[in-house]
Amino acid sequence: MVSTKYLAIDKEIISEGMSFEFKVFVQSSDKKMDCFKENGSCFTNNDKVIIDTLHALYVEEAEHPEYEVFYKNFLVTQQELKNIKLDNKPSAIYENAENVLNDLFSNPEGLGNYESSKEVVHDMIDTILDDNFSIKSLMDIATHDYYTHTHSINVSIYALSLGSYMKMQPETLAELGESALLHDLGKSKVDLSILNKNGTLTDKEFYEIKKHPDIGYKIGLKLGIDNQNVLDGIRYHHEKMDGTGYPSKLKASNIPLFARIIGICDIFDALTSRRSYKEAMSSFDAIKLMKLKMNNHVDVKILDKMIMMFR
Ligand SMILES: [Fe+2]
C-alpha cells in the first residue's frame, strides 16, 4: 500500500475567515495525521489560537501544488505582504525562496523558474534596504541544515548583505543576488549520490563535482542571462586567490569581483551549516578559521568587510 506523504506549510499566513481549496492536517502525538480543516471551511479565531500552539500544519503532497499557487499569490499581493508582521516577513520571503529554488533545481532550464528567482532576489533586496529592518533578522532565519537549494538562498542573503554593506547600487545588488542564488545551479546536473556522499570523495567524484561551475554557466547562457557579472559569479566562485582553484585557475584580481564575494559567502555558509557528518560552526569560529587559514584562498579585503559587517 502506498502511504500518503504530507508537506509542511507556512502557518503564519492563516488568518480568521480564510479558507483553502485543500485539506489542512495536524500531526497527533502518535505521529498520525489528523484533518484539522476541511477544504472550503473557514478558519475561526479559535483555530488561530490552536494553530499558534502547534509546531506545524501540513497538506497532502498531492495537494501541495494548490497550496503553492495560493502561497505565491499571497506573497505577490503587496498589500497582503505588508500585513504580515515585520518579524514574520523574512520567514515568508525565505519560504517563498525555498519553493522557487526547489522548482529551479528540479527544472533548471525552466524559464518561468528563472524569472521567479529574480523576484526572490528583489524581495530580499527590498527587505535588506528597508530602513526599519536589520540585516541580522534576515540572516537569522537562514536554515542551518545544508541542502543545495537552502545553501543557495543563504549565500544570496550573505552576498546581498555584504554588497549592501559595501554600498553597491541597487541594480548591482540585484545582479549580485541573482548570481549568488544561481551559483550552484550546475549541481542540478551532478549525480546526487556524489553530491550527498558522506565520506571523502574519490578523485573521479571530485572531478565530476568540479564541473558544476561550467555547467551552471552554460545553463545560465541557455536561460538567456547576458549579464557578464552574473555569469562570472556562477562560473568562477571556486577560484582561489593563489590560483589553485577551479575551473580556470584564475589568480587574485583576475577573479571577477562577484566570484570573490560569492566564494567567501559560499565558504562561510558551508562552515556554519550542519551536515550529516559534521556539526555547524559558529559564525565567529568560521570567520576566525577563514581569516587564519584561508588567506591565500579568499580576498582578504572582502573578508575584512564581512567581519566589519558582523560587528
Ligand atoms: Fe559551488
Quick test for you: out of 245, 263, pick the one residue that is out of contact with any Leu (no Cβ under 6 Å at 6 or more places or on another chain), in contact (Cβ under 8 Å) with a residue 40 or more places away in the chain and within 11 Å of the ligand (Cβ to nearest atom). 245
Checking residue 178 against (1) more than 16 Å from the ligand (Cβ to nearest atom); (2) under 20 Å from the mean Cα position of the chain (by Cα), the condition it does not meet: (1)
Pair list, Cβ under 8 Å, 6 or more apart: the range 208-231 residue assigned by TED's automatic domain parsing to the domain that holds residue 174, other residue within 15 Å of the ligand (Cβ to nearest atom) and of a type in the set (Ser, Thr, Tyr): 210/246; 213/236; 213/246; 219/188; 229/179; 230/179; 231/179; 231/217
Within the range 1-35, count every residue that is buried (at least 17 other Cβ atoms within 10 Å of the Cβ), part of a loop (DSSP other than H, G, I, E, B) and modelled with pLDDT of 85 or more. 3
Where residues in the range 251-287 are acidic (Asp, Glu) and more than 19 Å from the chain's Cα centre (by Cα), which of them is surrounded by the most Cβ atoms within 10 Å (Cβ to Cβ)? 285
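For residue 233, are the conditions met, namely being of a type outside the set (A, V, I, L, M, F, W, C), closer than 22 Å to residue 123 by Cα and in contact with a His (Cβ under 8 Å, 6 or more places away or on another chain)?
Details: of a type outside the set (A, V, I, L, M, F, W, C): yes; closer than 22 Å to residue 123 by Cα: yes; in contact with a His (Cβ under 8 Å, 6 or more places away or on another chain): yes.
For residue 233, the condition - of a type outside the set (A, V, I, L, M, F, W, C), closer than 22 Å to residue 123 by Cα and in contact with a His (Cβ under 8 Å, 6 or more places away or on another chain) - is met.
Across the range 198-250, which residue is surrounded by the fewest Cβ atoms within 10 Å (Cβ to Cβ) among those that are basic (Lys, Arg) and under 24 Å from the mean Cα position of the chain (by Cα)?
We begin by selecting, within the range 198-250, every residue basic (Lys, Arg); these are 204, 210-211, 218, 222, 235, 240, 249.
Within this subset, residues satisfying the condition of being under 24 Å from the mean Cα position of the chain (by Cα) are 210-211, 218, 222, 235, 240.
Details: 210: 15, 211: 15, 218: 16, 222: 12, 235: 26, 240: 20.
Across the range 198-250, the extreme among qualifying residues is 222.
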Search the range 276-294 for residues that are in contact (Cβ under 8 Å) with a residue 60 or more places away in the chain and pair each with any residue that is surrounded by 15 or more Cβ atoms within 10 Å (Cβ to Cβ) and not small (Gly, Ala, Ser) when their beta-carbon atoms are under 7 Å apart and the residues are at least 6 apart or on different chains. 280/272
Does residue 188 satisfy the condition of being among the hydroxyl-bearing types (Ser, Thr, Tyr), touching a Phe, Trp or Tyr at 6+ places or on another chain (Cβ under 6 Å) and surrounded by 15 or more Cβ atoms within 10 Å (Cβ to Cβ)? yes
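The values are calculated or read from the model by the stated rules, or taken from the named source; none is laboratory data. Every value quoted in this text rests on a predicted model; they were computed, and no experiment measured them. In this analysis, Cβ positions are derived from the backbone assuming ideal geometry, glycine residues included, and neighbour counts consider all displayed protein chains.
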